[in-house]
1. Answer yes or no as to whether residue 242 is crowded, with 22+ Cβ neighbours inside 10 Å and not polar (S, T, N, Q).
2. Select from the stretch 165-191 the residues that are part of a helix (DSSP H, G or I), of a type in the set (Lys, Arg) and either surrounded by fewer than 20 Cβ atoms within 10 Å (Cβ to Cβ) or not assigned by TED's automatic domain parsing to the domain that holds residue 238 (or both) and list them in ascending order.
3. Given the criterion among the small types (Gly, Ala, Ser), under 25 Å from residue 109 (Cβ atoms) and assigned by TED's automatic domain parsing to the domain that holds residue 132, identify the matching residue among 309, 286, 318, 300.
4. Just for the stretch 89-102: of the residues that are more than 18 Å from the chain's Cα centre (by Cα) and modelled with pLDDT of 95 or more, which one is surrounded by the most Cβ atoms within 10 Å (Cβ to Cβ)?
5. Test residue 120 against the stated conditions and say whether it is over 27 Å from residue 187 (Cα atoms), free of Cβ contacts under 8 Å to residues at least 12 places away in the same chain and surrounded by fewer than 18 Cβ atoms within 10 Å (Cβ to Cβ).
6. Among what's in the stretch 245-291 and is among the charged types (D, E, K, R) and surrounded by fewer than 24 Cβ atoms within 10 Å (Cβ to Cβ), pick the residue that is nearest to residue 336 (Cα to Cα).
7. Touching a strand residue (DSSP E or B) at 6+ places or on another chain (Cβ under 6 Å), hydrophobic (A, V, I, L, M, F, W, C) and not in a helix (DSSP H, G or I) - does that describe any residue in the stretch 228-236?
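The values are calculated or read from the model by the stated rules, or taken from the named source; none is laboratory data. What you see is a predicted model, and the numbers here were worked out from it, not measured in a lab. FYI the Cβ positions are ideal-geometry reconstructions off the backbone, even for glycines, and counts take in every protein chain you see.
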Amino acid sequence: MSFFRMKRRQFLHSSYFLTGLGLSACGLAVSSSKESLAYKVATRGKMKVYAWENYVNHQVSEEFTKATSIKLIVDTYPDQETMLAKIEGGGGAGYSVVYPRDYITKQMIDIGLLEPLDKSKLTAIADIAENFTQPYYDPDNTYSIPYVWGTTGIIYNSTALKTAPTNWQSLWDLKDQLKNRISLLGDGREVIGMTLHTLGYSYNSRNEAQIKAAYKKLRELKSAVTAFTSHEWQEKLVKGELVLSMAYSGDALAVSSQYPNLKYVIPQSGTSLWNSTMVILKTAPAKEAAYDWINFSLKAENSASVIEASGFGNLNKAATPLISDKIKNKPDWAPSKEVLAKCERIQPLDDATQTLLNEYWFRLKSV
């Protein structure tokens, strides 16, 4: 267990106790029919989900087990592409619930991997924020439930770097000062996308010349980049091995809450805006239990606790009054309307463009 992961789990565990999470408050409704799939899964004693690291809280899963006798087994993936390749290749047959981000949700729908949701079994669907009830990737939330949202930005050590970065261009401005002290995400769409954005192009550009220009600009930054990783930067930043990292807001705000010298910055010229979803696989062996887990997760008390502990953005209206002012008033937790207007959502690309982007991404990491 790494240093940060141990601290992170301790933090999440204590946060749920501080918010008074209790089974009586959750009001979980579990199918009473012994012929139901949920009952059959309970007798087997487990249900598997596939998620980002730290998306499923240990304390919440324990409470779920107490309520249902179903032990939640959580497998984690390092990046969205790995998750999609595994499920598309048949390796996801044992999973019931998966947590993809927005544009990957769209791809999973198009491929035919997801089960249409039975809205009559979803007790908290009316609590979803209005601007996420008709998402571009899944109109009417036919296949997915919005879970949390966030931004992609920059986290840096304010003790080692006295002048705060303000935009993605700051990475290039600091490259000579921070040789081998910067890390970028292990996500080609995010890394190449932010470079396209820095050049004045769209994150979703399908223009070959623009994508090539982004690759060339990233080559200029390569001497300062020590790793492409979506998670391992936390420990390295805490230990001082890194000074600056590209990061997802939830991860960045969680670690900065423990180490105040680490500051998260949303690029003022705009960045990627994303949300994650909860989906049920078409091959799910525990579909009824999956509904129970989704409803349990979306209870206001549970949603609020996740937001308090993780730093993700809230999409549950019922949870909003339960979130502390300390979290609501953090400028790096909810970006201004001016910055949001400059943000983009990453969307699926056509096969030819995605192949081109993958080729440049592979070349970048190989040089």
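1. Numbers: crowded, with 22+ Cβ neighbours inside 10 Å: yes; not polar (S, T, N, Q): yes.
Taking the combined requirement at face value, the residue satisfies it.
2. Those that are part of a helix (DSSP H, G or I), of a type in the set (Lys, Arg) and either surrounded by fewer than 20 Cβ atoms within 10 Å (Cβ to Cβ) or not assigned by TED's automatic domain parsing to the domain that holds residue 238 (or both): none in the stretch 165-191.
3. 286 is the lone residue from the list that is among the small types (Gly, Ala, Ser), under 25 Å from residue 109 (Cβ atoms) and assigned by TED's automatic domain parsing to the domain that holds residue 132.
4. 96
5. Criteria met by residue 120.
6. Here the residue is 263.
7. Among the residues of the stretch 228-236, at least one is touching a strand residue (DSSP E or B) at 6+ places or on another chain (Cβ under 6 Å), hydrophobic (A, V, I, L, M, F, W, C) and not in a helix (DSSP H, G or I), which makes the answer yes.
For every residue, the table says whether it meets (1) of a type in the set (Gly, Ala, Ser); (2) buried (at least 22 other Cβ atoms within 10 Å of the Cβ).
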| residue | (1), (2) |
| --- | --- |
| 163 | no, no |
| 193 | yes, yes |
| 202 | yes, no |
| 234 | no, yes |
